[in-house]
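One structure is given here, and the rest of the page talks about it.
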Amino acid sequence: MTASSAEVGSNDTAHMGRAIELALSRMGETWPNPAVGCVIVKDGVVLSEAATAPGGRPHAEEQAVPGAGPDVRGATAYVTLEPCGARSSGRQSCAQFLAEAGIARVVVACLDPSPFASGRGTERLRQAGLTVETGLLGSEARVLCEGFLHRLETGRPMVKISTDGAGFDARFAASPRADLVTELQRLGEAGYTRLWTGPGELADALSAQGLLTV
């Protein structure tokens, strides 16, 4: 029996939700790279799942594909962030890795504007003959890469108020009277993407300078 389009859509949402859940569990551990989740499914059966390793490598796709075994050919990969189309290290990109593994379809939550993706990943997949769909649960997945994208755009990690720092790279500790832009740029150069601070004088100083993300 062939699944209806409604059933396929429901399954897609569930699998992407699982990929987001996997990535969320690694938030704060993968900088300088974003936390990414990948779930590989074939004929309704989950073959493997993975998230970006602590320290940012291996990427989620690099772990999930080998874990799927020989059944990976013809499968669907659900990925929270666009697979890279190139690598800063010069190694094989995740897009190439998925294509050469024989994946037939890739469902992506968020596109990645970084120089190593920025549409290059999805384009490489399509050129290799894979079906690519984007935007599924994009709003839910955006929190996974918001700090990474903020650093790309500004050179600084994002700073938010938190009471426990769960899911953040580190706590931002500086004097409210310090040059906060310089301090954040230094941390951005070190690879931090998402920092936290408690409510108080430092948070007020960051907010006054437009450096605090609500």
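The values are calculated or read from the model by the stated rules, or taken from the named source; none is laboratory data. Just so you know, these numbers come straight off a predicted model, no measurement behind them. Glycine also receives a Cβ, built like all others from the backbone with ideal geometry; neighbour counts cover every protein chain displayed. For the accessible areas, the whole protein counts, side chains as well, though only heavy atoms, and no ligand, DNA or RNA atoms are used. Shrake-Rupley method; radii C 1.70, N 1.55, O 1.52, S 1.80 Å.
Just one of Glu123, Glu133, Glu146, Glu153 is of a type in the set (Asp, Glu), under 17 Å from Leu212 (Cα atoms) and more than 14 Å from the chain's Cα centre (by Cα); which is it?
On the way: Glu123 fails: under 17 Å from Leu212 (Cα atoms); Glu133 fails: under 17 Å from Leu212 (Cα atoms); Glu146 fails: more than 14 Å from the chain's Cα centre (by Cα).
Residue meeting the stated conditions: Glu153.
Any residue in segment 82-93 that is in contact with a helix residue (DSSP H, G or I) (Cβ under 6 Å, 6 or more places away or on another chain), assigned to a strand (DSSP E or B) and either open to solvent by 20 Å² or more (accessible area, probe 1.4 Å) or closer than 18 Å to Ala141 by Cβ (or both)? Talk me through it step by step, then tell me what you get.
Taking segment 82-93 as the starting set, the residues that turn out to be in contact with a helix residue (DSSP H, G or I) (Cβ under 6 Å, 6 or more places away or on another chain) are 82-85.
Still in the list and also assigned to a strand (DSSP E or B): none.
The answer is no, given that none of the residues of segment 82-93 is in contact with a helix residue (DSSP H, G or I) (Cβ under 6 Å, 6 or more places away or on another chain), assigned to a strand (DSSP E or B) and either open to solvent by 20 Å² or more (accessible area, probe 1.4 Å) or closer than 18 Å to Ala141 by Cβ (or both).
So in segment 100-153, with the set limited to residues that are closer than 17 Å to Val65 by Cβ, small (Gly, Ala, Ser) and assigned to a helix (DSSP H, G or I), which one is modelled with the lowest pLDDT?
Going through the qualifying residues, I end up with Gly121.
Checking Leu144 against (1) surrounded by fewer than 22 Cβ atoms within 10 Å (Cβ to Cβ); (2) within 25 Å of Glu21 (Cβ to Cβ), only one condition comes out false. Which one?
(1)
I need the full set of residues from segment 154-188 which are of a type outside the set (S, T, N, Q), outside any loop (DSSP other than H, G, I, E, B) and farther than 21 Å from Thr52 by Cβ, in order please. So that I can check it myself, show each step before the final result.
Residues of segment 154-188 that are of a type outside the set (S, T, N, Q), as a first pass: 155-161, 164-174, 176-181, 183-184, 186-188.
With outside any loop (DSSP other than H, G, I, E, B) added as a condition, the list becomes 158-161, 170-171, 180-181, 183-184, 186-188.
If the condition is that a residue be of a type outside the set (S, T, N, Q), outside any loop (DSSP other than H, G, I, E, B) and farther than 21 Å from Thr52 by Cβ, then Val159, Ile161, Arg171, Leu180, Val181, Glu183, Leu184, Arg186 are the ones that fit.
Counting only residues that are within 11 Å of Cys94 (Cα to Cα) and either surrounded by fewer than 24 Cβ atoms within 10 Å (Cβ to Cβ) or of a type in the set (S, T, N, Q) (or both), how many does segment 57-77 have?
So the count comes out to 3.
May I ask you to list pairs of residues, at least six apart or on different chains, whose Cβ atoms are under 6 Å apart, with the first in segment 25-51 being within 11 Å of Tyr78 (Cα to Cα) and the second being in a loop (DSSP other than H, G, I, E, B) and of a type in the set (S, T, N, Q)?
Val36/Thr52
Looking at the structure I just gave you, is Ala6 at pLDDT below 95, open to solvent by less than 10 Å² (accessible area, probe 1.4 Å) and in a helix (DSSP H, G or I)? Break it down into steps so the answer makes sense when it comes.
Details: at pLDDT below 95: yes; open to solvent by less than 10 Å² (accessible area, probe 1.4 Å): no; in a helix (DSSP H, G or I): yes.
Judged against the criteria, Ala6 is not a match.
From (1) closer than 28 Å to Gly167 by Cα; (2) buried (at least 24 other Cβ atoms within 10 Å of the Cβ), pick out the condition that doesn't hold for Ile103.
(1)
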